[in-house]
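Step one of this worksheet: look at the structure below.
The values are calculated or read from the model by the stated rules, or taken from the named source; none is laboratory data. Since the model is a prediction, treat every value here as computed from it, not as a measurement. No Cβ is skipped: glycine too gets one built from the backbone with ideal geometry, and neighbour counts run over all protein chains shown. Areas reflect the complete protein model, heavy atoms only, side chains present, ligands, DNA and RNA absent. Shrake-Rupley method; radii C 1.70, N 1.55, O 1.52, S 1.80 Å.
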Amino acid sequence: MTMLKKTLLGLTLVLLFPLPAMALPTITCHCFTDRSYDPSRPAAADPYFLASIQNTFFAAVFDIDKKSIVKKKQKGTAMEDLWVAYWVADKSGLSPEVLLQARQEKNNWREVLDTSGLSAESLGAPFFRILASANSDPFLDRAVVDELFARYQLLEPAELEAVRQSGASNPELIIATLISTRTGQAVERIYQEVKVGNTTWGELLDGAKIDLVEMQKEVSALLKLTAG
């Protein structure tokens with residue numbers, strides 16, 4: 001191959017594939033290699049279980065398509081912002097899409113909502129109290145989930161506070177509560193067993209016979225059972 005042909009071939013390849021190469025650093029991957037429990041690698045699929053069950057719970061409480069949440073996360077929207085946007089939208093009638101766009105243009109949620117005219121009564125006192133504090137963003141999504149747990153009476157207040165004090169994140173709280181409902185074990189105990197490495201979320205789900213294929217039904221049953 002002559003030098004001219006090599007140069008033309010190289011230029012052709014660059015022209016054919018510029019967009020993926022340029023776009024690669026900005027893509028947020030929300031893919032999981034491991035999506036089922038493997039006893040030989042008991043913790044391998046835990047990140048997927050946590051994300052999938054949180055997504056299912058989110059979709060159920062806000063009555064939206066789970067796929068739309070996954071797509072937003074794939075495009076780079078943080079789950080923390082999704083919790084806040086859909087909570088505020090649910091309480092105010094504002095569009096979650098408008099709220100998410102406004103959040104991209106502001107430094108934090110306080111700036112987004114300062115001029116909204118929304119009150120503590122409309123947003124919920126715990127959420128509004130955190131919003132009024134400095135550096136509130138890292139805690140707002142937790143306030144949303146805690147208020148949803150209170151709305152559906154998923155846990156007693158003292159039990160919820162205990163597992164939160166132990167360090168449970170939103171997805172860990174949701175998955176532990178789901179397992180607790182099936183097994184009768186205390187939520188905090190379930191969380192602590194995973195935290196110290198005695199077991200994994202996959203192992204617990206497998207032992208409780210909770211199938212991710214039926215997760216929508218599992219979560220819907222949980223919400224109806226506790227709300228009713």
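Taking each residue of segment 137-160 that is of a type outside the set (Val, Ile, Thr) and looking for partners that are open to solvent by less than 40 Å² (accessible area, probe 1.4 Å) and not in a helix (DSSP H, G or I) with beta-carbon atoms closer than 6 Å, six or more apart or interchain, yields Glu147/Gly124; Phe149/Leu155. Annotation note: of Asp38, Asp46, the sole residue that is touching a Gly at 6+ places or on another chain (Cβ under 9 Å), buried (at least 17 other Cβ atoms within 10 Å of the Cβ) and at negative phi is Asp46.
A count restricted to segment 144-188 and to residues that are buried (at least 22 other Cβ atoms within 10 Å of the Cβ), small (Gly, Ala, Ser) and touching a Phe, Trp or Tyr at 6+ places or on another chain (Cβ under 7 Å) stands at 2. All told, Ile179 falls short of being among the aliphatic types (A, V, I, L, M) and over 18 Å from the mean Cα position of the chain (by Cα).
Only one entry in Glu121, Glu111, Glu97 is exposed (fewer than 14 other Cβ atoms within 10 Å of the Cβ) and modelled with pLDDT of 95 or more, namely Glu97. Within segment 189-217, the set of residues being touching an Asp or Glu at 6+ places or on another chain (Cβ under 9 Å) and open to solvent by less than 60 Å² (accessible area, probe 1.4 Å) comprises Tyr191, Val194, Thr199, Thr200, Trp201, Gly202, Leu204, Leu205, Ile210, Leu212.
The set of residues in segment 160-179 that are charged (D, E, K, R) and within 19 Å of Val219 (Cβ to Cβ) contains only Glu172.
Residue count for segment 131-143 satisfying the condition of being crowded, with 21+ Cβ neighbours inside 10 Å and either touching a Leu at 6+ places or on another chain (Cβ under 6 Å) or small (Gly, Ala, Ser) (or both): 1.
Against the list (1) without any contact (Cβ under 8 Å) to a residue 24 or more places away in the chain; (2) open to solvent by less than 40 Å² (accessible area, probe 1.4 Å), the condition Val70 fails is (1). Of everything in segment 186-219 that is small (Gly, Ala, Ser) and in contact with a Ser or Thr (Cβ under 9 Å, 6 or more places away or on another chain), the residue that is nearest to Pro171 (Cα to Cα) is Gly202.
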